[in-house]
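To start, the structure under review is shown below, and the notes come after it.
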Amino acid sequence: MQTFSVKTNRRTEMIAITSEVTTAVRALGRRAGMVTVFVPHTTSGVTINENADPDVCADMAMALERLVPWNAGYAHAEGNSAAHVRASLMGASINLPLVDGLLRMGTWQGIYLCEFDGPRTRNVWVY
Amino acid sequence: MQTFSVKTNRRTEMIAITSEVTTAVRALGRRAGMVTVFVPHTTSGVTINENADPDVCADMAMALERLVPWNAGYAHAEGNSAAHVRASLMGASINLPLVDGLLRMGTWQGIYLCEFDGPRTRNVWVY
Amino acid sequence: MQTFSVKTNRRTEMIAITSEVTTAVRALGRRAGMVTVFVPHTTSGVTINENADPDVCADMAMALERLVPWNAGYAHAEGNSAAHVRASLMGASINLPLVDGLLRMGTWQGIYLCEFDGPRTRNVWVY
């Protein structure tokens, strides 16, 4: 397993990690099969989305804030239940194919760490 | 593949299955790689979320009920379309890394079966 | 890796691809382990849901349209941010177990390509 960490800057933020994942995959040294990108957290997630226009990420962050409002009569005393729900909506892992030692994705796909309770330092596991 | 079943008690419920999954993984006898936890159902899902405060699960159940209301003019005659939508939002499987024969997760992560149309007996596949 | 493509007909549409995936899995020639179904796009996704009543898919499409409205003050100039968000909610891949060379799923489970910005031709990767 390879790991790296990411510093986030805001409460809600989508951070591109495609190049870090690519480096980690190279270090794994596998040639084929499947790679998993996993975040060992419960208020952040990982997703695949457009790598071209950063507005897409801003829109996604806004849409998730609207879907699961920060204040909505939650019971959890820490006050960050919305972050937990958003994390489960995105999921804690994604899978990608590995062909001839290289990660294969669609032309417009990029990998994003989804911060829902930042700023924090987050870990990413690649295996 | 290892399997186990879980009895659910309410229509919407998040049930901790981390220890059952850990036992299943031990029975698989693999030492490294990836483990998948899969539910062979269409009105339940599986997710990773906080294992400490049970209020997080209650908040997540409430948030999903609000996101996808039970009555909203659905066409499906069985009347449980909301459960189908919630199941797809959570997903039917999660992946976890296996290192030295042990499941690796974040400190606060637990595995939850998401019941959206209970009470029922649900099956979980680990492979 | 095996690939196939799917022609979609509407902007939002759930298209059954279970039989195409089954054929692709047969062509992979693997006997056991895990199979991933992956869409290399950022405005479509893949999910598992009920294979019996097509109303479930229609209800799911409607619920996702309601959850993430098409017009909601998005910044992305292409105007399809809702499709990007819905794609991340469903996810770009699913995993399924392979036993004795056959895909294993629940009785009521089917595999669906989720089109959120059609009509288009979409690719599906199976590995």
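The values are calculated or read from the model by the stated rules, or taken from the named source; none is laboratory data. None of these values were measured; they are calculated from a predicted model. Don't worry about glycine lacking a Cβ; one is built from the backbone with ideal geometry, like all the others, and counts go over all protein chains shown. What goes into the accessible areas is simple: the full protein's heavy atoms, side chains included, and nothing from ligands, DNA or RNA. Shrake-Rupley method; radii C 1.70, N 1.55, O 1.52, S 1.80 Å.
As a ratio to 2.2 N^0.38 Å, the alpha-carbon radius of gyration computed for chain A takes the value 1.08. Helical content of chain C, expressed as a calculated mean residue ellipticity at 222 nm, amounts to -8500 deg cm²/dmol (DSSP H runs of 4 or more residues, -39,500 (n - 2.57) each, divided by residue number, nearest 500). Interface residues of region A:72-91, defined as those losing at least 30 Å² of solvent-accessible heavy-atom surface relative to the isolated chain (probe radius 1.4 Å), are listed as A:ALA72, A:TYR74, A:ALA75, A:HIS76, A:HIS84, A:VAL85, A:SER88, A:LEU89, A:MET90. Membrane-span-like helices in chain A, defined purely by DSSP H runs whose alpha carbon atoms cover 24 Å or more axially and whose average Kyte-Doolittle hydropathy reaches 0.0, do not occur. Heavy-atom accessible area for B:LYS7, with the other protein chains in place and a 1.4 Å probe, reaches approximately 150 Å².
Which value, in Å², gives the accessible area per residue of region B:2-126 when a 1.4 Å probe is used on the protein heavy atoms? Mind dumping the intermediate values first?
Numbers: 4810 Å² over 125 residues.
Roughly 39 Å² per residue, with all protein chains present.
Projecting the Cα atoms of B:GLY73, B:ALA61, B:VAL85 onto the charge dipole of chain B, computed from C-beta unit charges around the Cα centre, puts B:VAL85 farthest toward the positive end. Pairs of Cα atoms in region C:8-83 fall into 5 Å distance bins, from 0 up to the last occupied one, in shares of 3, 11, 19, 21, 17, 12, 9, 6, 2, 1 percent. When peptides B:50-57, A:35-42, C:46-53 are ranked by their average number of other Cβ atoms within 10 Å per residue, the highest-first order is A:35-42, C:46-53, B:50-57. When the alpha-carbon atoms of the protein assembly as shown are used, the pair Rg, Dmax equals 18.9, 52 angstrom.
What you get for region B:2-126, charging only the Cβ of Lys and Arg (+1) and of Asp and Glu (-1), is a dipole of about 400 debye around the Cα centre.
On a per residue basis, the convex hull of the C-alpha atoms belonging to region A:54-127 measures out at 123 Å³.
In whole Å, what is the distance between the alpha-carbon centres of region C:48-127 and region B:35-109? Between the Cα centres of region C:48-127 and region B:35-109 lies a distance of 16 Å.
Quick one: net charge around B:THR121, please, counting Lys, Arg +1 and Asp, Glu -1 for every other residue with C-beta under 11 Å from its C-beta.
So the surrounding residues net to +2.
C:TYR74 contributes an accessible area of around 40 Å² to the protein surface, as traced by a 1.4 Å probe with all chains present. Using R0 = 22 Å, the C-beta based FRET efficiency linking B:THR18 and B:ASP53 works out to 0.90.
A point 7 Å from Cα along Cα→Cβ stands in for C:ALA75, and the other copies hold the same point at 3.7, 3.7 nm, listed in rising order. Buried between B and C is an accessible area of approximately 2000 Å², summed over both sides with a 1.4 Å probe. Normalised by the number of residues in region C:11-113, the average gap of Cα pairs under 8 Å and 6 or more apart makes the relative contact order 50 percent.
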